[in-house]
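Throughout, read-outs are computed from the coordinates displayed, never taken from laboratory work. Being a predicted model, the structure only gives us computed values, none of them experimental. Neighbour counts are summed over all protein chains in view; Cβ atoms, including those assigned to glycine, are modelled from backbone coordinates with ideal geometry.
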């Protein structure tokens, strides 16, 4: 292998690692795609590498990890809110609140908007602050857990990727 090819491979590897790290950060920052960016980076690298470092089996394993952890934001947030007693209307208002909040105050605004959306909807439905707060805290707990799971899954994919590339090098 000539030095120019080695240089290009090293640059490609470094860019892929940076993109995956940005994907890990995306687990915490809603505007970044998170697990999707991690998976796309892995796919692009694998296609350019010709499936040498990342075998089809490794790619399938990483795909499953990205699917489960990337979708955790949806199912754990909903599960947490439902466990806390939130209605479908409250969940919808929570999501709308998160979107509005994100555009006003970024990540903190999204979290506050989500919580307030659930509180308002549940209070309007039941006229009980205790039930509204319980539903909101359940949703926030689910969101927090989902964030940790997505970041952890993305980190696992990064470690698998580095291990496979270094094993072939």
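How far is it, in nm, from the label point at residue 74 to the one at residue 105 when both lie 7 Å from their Cα along the line to the Cβ?
For residue 74 paired with residue 105, the spin-label model returns 2.8 nm.
So how much slack lies between residue 128 and residue 159, counting 0.36 nm per residue of separation and subtracting their Cα-Cα distance, in nm?
Working: separation 31, 0.36 × 31 = 11.16 nm, distance 4.71 nm.
The span from residue 128 to residue 159 would gain 6.4 nm if fully extended.
Note the listed values [x] 72, 31, 17; [y] 55, 37, 24; [z] 72, 41, 27, then indicate which one is Cα extents along the principal axes in Å calculated from this particular structure.
[x]
Given points 7 Å out from each Cα along the Cα-Cβ axis, report the residue 67 to residue 21 separation in nanometres with one decimal.
The two pseudo-label positions are separated by 3.0 nm.
Over region 3-168, what is the relative contact order in whole percent, taking alpha-carbon pairs under 8 Å and six or more residues apart? Please list the in-between numbers first.
Working: 247 pairs, mean separation 46.2, N = 166.
Computed over region 3-168, the figure is 28 percent.
Under 14 Å from a point placed 7 Å out from the Cα of residue 48 along the Cα-to-Cβ direction: which residues of region 1-18 have their backbone N that close?
Answer for this model: 5-18.
From Cα pairs below 8 angstrom and at least 6 apart in sequence, can you work out the relative contact order of region 55-143, rounded to a whole percent? It would help to have the intermediate numbers written out before the result.
On the way: 135 pairs, mean separation 30.2, N = 89.
Once divided by the residue count of region 55-143, the mean separation gives 34 percent.
Quick one: if the Förster radius is 25 Å, what FRET efficiency do residue 167 and residue 36 give, using the C-beta to C-beta distance and rounding to 0.05? Intermediate results must be reported in sequence, preceding the final value.
Details: r = 26 Å, r/R0 = 1.03.
Result of the calculation: an efficiency of 0.45.
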